[in-house]
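Reviewing the structure listed below.
Read-outs throughout are calculated quantities, based only on the coordinates presented, and are distinct from any laboratory measurement. What you see is a predicted model, and the numbers here were worked out from it, not measured in a lab. Using ideal geometry, Cβ is built from the backbone for each residue, glycine included, and neighbour counts are taken over all protein chains shown.
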There are 10 protein chains.
Amino acid sequence: MLYHVRMDVRIPRDLPPAEVTAILAREKAYSQDLQASGKWRHIWRLAGEYANFSIFDVSSNDELHQILSGLPLFPFMEIQVTPLLRHPSSIREDDS
Amino acid sequence: MLYHVRMDVRIPRDLPPAEVTAILAREKAYSQDLQASGKWRHIWRLAGEYANFSIFDVSSNDELHQILSGLPLFPFMEIQVTPLLRHPSSIREDDS
Amino acid sequence: MLYHVRMDVRIPRDLPPAEVTAILAREKAYSQDLQASGKWRHIWRLAGEYANFSIFDVSSNDELHQILSGLPLFPFMEIQVTPLLRHPSSIREDDS
Amino acid sequence: MLYHVRMDVRIPRDLPPAEVTAILAREKAYSQDLQASGKWRHIWRLAGEYANFSIFDVSSNDELHQILSGLPLFPFMEIQVTPLLRHPSSIREDDS
Amino acid sequence: MLYHVRMDVRIPRDLPPAEVTAILAREKAYSQDLQASGKWRHIWRLAGEYANFSIFDVSSNDELHQILSGLPLFPFMEIQVTPLLRHPSSIREDDS
Amino acid sequence: MLYHVRMDVRIPRDLPPAEVTAILAREKAYSQDLQASGKWRHIWRLAGEYANFSIFDVSSNDELHQILSGLPLFPFMEIQVTPLLRHPSSIREDDS
Amino acid sequence: MLYHVRMDVRIPRDLPPAEVTAILAREKAYSQDLQASGKWRHIWRLAGEYANFSIFDVSSNDELHQILSGLPLFPFMEIQVTPLLRHPSSIREDDS
Amino acid sequence: MLYHVRMDVRIPRDLPPAEVTAILAREKAYSQDLQASGKWRHIWRLAGEYANFSIFDVSSNDELHQILSGLPLFPFMEIQVTPLLRHPSSIREDDS
Amino acid sequence: MLYHVRMDVRIPRDLPPAEVTAILAREKAYSQDLQASGKWRHIWRLAGEYANFSIFDVSSNDELHQILSGLPLFPFMEIQVTPLLRHPSSIREDDS
Amino acid sequence: MLYHVRMDVRIPRDLPPAEVTAILAREKAYSQDLQASGKWRHIWRLAGEYANFSIFDVSSNDELHQILSGLPLFPFMEIQVTPLLRHPSSIREDDS
């Protein structure tokens, strides 16, 4: 089941640089594991913004929340979730 | 080059039903041709809304505009474009 | 799986009264069938507004969309969907 | 009498972790006591957000305010109240 | 129990003048009956706008909704309800 | 002359508790003096919010501003003023 | 007593041109009479918009409302009122 | 050439009082010099807010910006500029 | 003197096609004359929208308003004006 | 390919003045290099605001993002990107 998620990152200026580096490394690993598993289907950067649009393919609202609230950057992100479904005009097998 | 597009459809109530049917058929054919060509990469319906999120892969802002303004439903849609790029954490070959 | 839905009804003034009456009767029957089936868990009126908050319990985003887009009042409603999950503090068995 | 309440939690980063833990424990106990009493009818988490939708069943606006302003997290929450009533299409005995 | 209500009136231009006059007369009588009964405690015009702020004193959310949805101008108004309670600094007996 | 005022209180977390207590005591005395004088006609708490709706009866915009800017909590409040007048449907002598 | 008023004009397209012309002539005369009397102190056009900022000098909220609601264009305007007072830094005699 | 400017002042709480006093004194002198020169035509306080509406009469966008960005309070203000012109209904010589 | 203008076009559906064609032809000629004169410095289409960003170089707010309000499409556009000036980092001779 | 970018600068008050000076110098050099290269086509200041409108001419969304995210002020700016294309009415060779 697909969900569209917009994430805007706002890292506080007073976070020590070493901590930022560590969080970003954990975030990247966390994201890439989920991409490899197929649950995090797509991730794109928005031009000019510290933000991404992502597509998740998970079994439930609950699984989506567990993934998002487990993001190392979760305390520093604004997140907006939109549930998706197959569009009747889609011809792609992997759009649902 | 990738673009994220949100389209909200608002068909006026006084459009004759036959005209609506014809426009929707043309819209579907137009969309599926562009999907087949690879330019309209993804299209998803938003749950509960007459709207879609789409991903386009075109060569320029100009080509994107020609495609969008040529949509049979263009006069009846609100459209919001966001330019995208490859996210540094992406592991998918087709996310750029 | 639970979803929170807000529906705001805007019936156009030029809809013939008999048609309005018929749509409202179909809407009520449609809603009550879904309530009886357990899929439309709750529905409440907002004081002073022609609007409701509802809770749906369905198997997927897709099933939710089929239900909502099938509402006789769908063309005359503004709909906002929020996916829900069990709250960690909930003590009620039926809150998930 | 029913009320719909949305609560968004924003815990300041400079609150000592021990204090946060203590507040969250008090919040959970406070909420579960009110759920057990029947005054806090429902509580659901919004997917991807540190927020909940809740339904309260209390005797007055005043009682609702006493409950909400007594929440251990009250100083760190944004709260939005909507008074509800039984929907004319509801078939459930406990929707009012 | 007190409620603060803002009403913005938007009478459609194509309503026949005789119908407007009749609705406004019914609205005035309806309002004055409720004022006389004590349920509609206050009503003030906003300077420069076709709008009012009102205070209602009713026994429940349900009674408030029955009153508001029964307004002859209800189909032509935008209504916003805020539940109130006695302020701890109030010294007036009739502020609750 | 009547004015409708909404005040939202946001006390900064780093204000020393003793200072907060002193400000709140001064605020209460200030408000009750003005209520006793008849200039602060009404004050109500909004359910679930640290905010009030108030009605002032003063001789001019200037007098209103002197009162509001003299509030001990003024530096910590967001204030919104709406000038009012007697509503043509009002039957109460004290609604103007 | 001074008030700042923003007026945005939206004349419906289906108003007969002769009626528009007549309303605009009445509006101009009405405005100029009030300017001559000193009650309508200033009026400026906003560049690129069918809108004005005006300053009124009247004795009460009530007088302001009678003037604004008597504007021939009142049914076709969106109006926003802000009560003003003399600024402590002003050196002009006529800024209050 | 006239411009309408709204200025909202937000002085940070951690600015030392002596510094605030000094800035405010410089701001007042700066404003009064410009008023005396005729470039700052009007300034009014908004009732209940730490804000002003001002009218400037300067020779260009550039001159307006040099004046506004030179305000001692500039770093602590939110500023909104609207270019004005003579209204066709104005009868005052000094409204342009 | 430079101004940034955003224009959003909303042509009503019930305007006869011949009239639309005529207006658009007049609009194009009007725009191109002003471009040729150097007063309408730039015009760009926004991708996916019936809108443009333009830069005008005129001698005053008044001249800008005469140009904009004379646009054949003026009754069908929403217009937003921002006064500009030379940026201190600009190295281009024609950016002011 | 052209893009319209709005940048609003918000430099935190606790940044040491020497650091601010250094960042601004680097920002100016960075901007002027890109202007000299032709990639940063235009930059204008908004009257009364610490903000600019800029036009970029780059080969892709990706190149635009690399430029914007490399701005020394990037961590202190709010950025809004709009993809542009040649307007059908443009007569200028360099508007595309």
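Averaged across the residues of H:17-24, what count of C-beta atoms belonging to other chains lies within 10 Å of each residue's C-beta?
Details: counts 0, 0, 0, 0, 0, 0, 0, 2.
If you average over the peptide's residues, the count of other-chain Cβ atoms is 0.
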Original post:
Applying the Karplus parametrisation 6.51 cos²θ - 1.76 cosθ + 1.60 with θ = phi - 60° to the phi angles of the stretch C:80-94, what ³J(HN,Hα) value in whole Hz is obtained for each residue in order, glycine and proline being reported as x?
Top reply: 10, 9, 10, x, 10, 8, 4, 7, x, 8, 5, 10, 8, 5, 9
**OP:** Only loop residues by DSSP count here, and only those with at most 13 other Cβ atoms within 10 Å; note down the trypsin sites (Lys or Arg not before Pro) in the stretch D:1-86 that meet that.
**Re:** D:10, D:13
Original post:
Just which residue of chain D brings its Cβ nearest the axis of rotation onto chain A, and by how many angstrom, rounded whole?
Top reply: D:14, 8
Original post:
Helix G:17-37 sits at what angle to the longest principal axis of chain G, using alpha carbons and giving 0 to 90 degrees rounded to 10?
Top reply: 20
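When you look at the Cβ of every residue in F:48-60, what mean number of other chain Cβ atoms sits within 10 Å? The partial results should precede the final answer.
Working: counts 22, 8, 4, 1, 5, 7, 2, 5, 1, 0, 0, 2, 7.
For peptide F:48-60, the averaged partner shielding equals 5.
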Subject >> Net charge dipole size for the protein assembly as shown [Lys, Arg +1 and Asp, Glu -1 on Cβ; Debye, nearest 20] >> reply: 0
**OP:** Note down the nm distance, to one decimal, between modelled labels 7 Å out along Cα→Cβ at residue I:20 and at residue G:66.
**Re:** 4.9
**OP:** Among I:46, I:65, I:17, flag the residue with its Cα farthest along the positive direction of the charge dipole of the stretch I:2-84, charges on Cβ as +1 for Lys/Arg and -1 for Asp/Glu.
**Re:** I:46
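Would you work out if the stretch J:55-96 is rounded, prolate or oblate? Take a ≥ b ≥ c from the square roots of the eigenvalues of the alpha-carbon gyration tensor; rounded if a/c is under 1.5, else prolate when a/b is larger than b/c, oblate otherwise. Write down the numbers at each step before the final one.
Working: a/c = 3.03, a/b = 2.38, b/c = 1.27.
Prolate, because a/c is 1.5 or more and a/b exceeds b/c.
Taking only Cα atoms of the protein assembly as shown, what ratio of Rg to Rh do you get with Rh as the Kirkwood inverse-distance radius? Let's see the in-between values first.
Details: Rg = 29.5 Å, Rh = 31.4 Å.
Rg/Rh: 0.94.
Let's see if you can work this out: charge +1 on each Lys and Arg Cβ, -1 on each Asp and Glu Cβ, no other charges. What is the dipole magnitude of chain H about its Cα centre, in debye to the nearest 20?
Details: 10 positive and 13 negative charges, 34 e Å.
The calculation lands at about 160 debye.
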Original post:
So, in Å, what gap is there between the alpha-carbon centers of the stretch F:51-67 and the stretch B:1-44?
Top reply: 55
**OP:** With a Förster radius of 35 Å, plug the Cβ-Cβ distance of residue A:50 and residue G:50 into 1/(1 + (r/R0)^6) and report the FRET value to the nearest 0.05.
**Re:** 0.35
**OP:** Return the tail of the calculated pair distribution for the stretch C:2-84, meaning the percent of Cα-Cα pairs more than 20 Å apart.
**Re:** 30
Subject >> Computed [θ] at 222 nm, deg cm²/dmol, chain C (DSSP H ≥ 4; -39,500 (n - 2.57); rounded to nearest 500) >> reply: -10000 deg cm²/dmol
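Regarding the stretch B:6-53, what's the average projected area of the Cα-atom convex hull, expressed in nm²? Working shown, then result.
Numbers: hull surface 14.9 nm².
Averaging across all directions leaves 3.7 nm² for the Cα convex hull.
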Original post:
By a straight-distance test (C-alpha under 30 Å), which lysines pair with residue F:28 as possible cross-link partners, with residues fewer than eight away in the same chain excluded?
Top reply: E:39, F:39
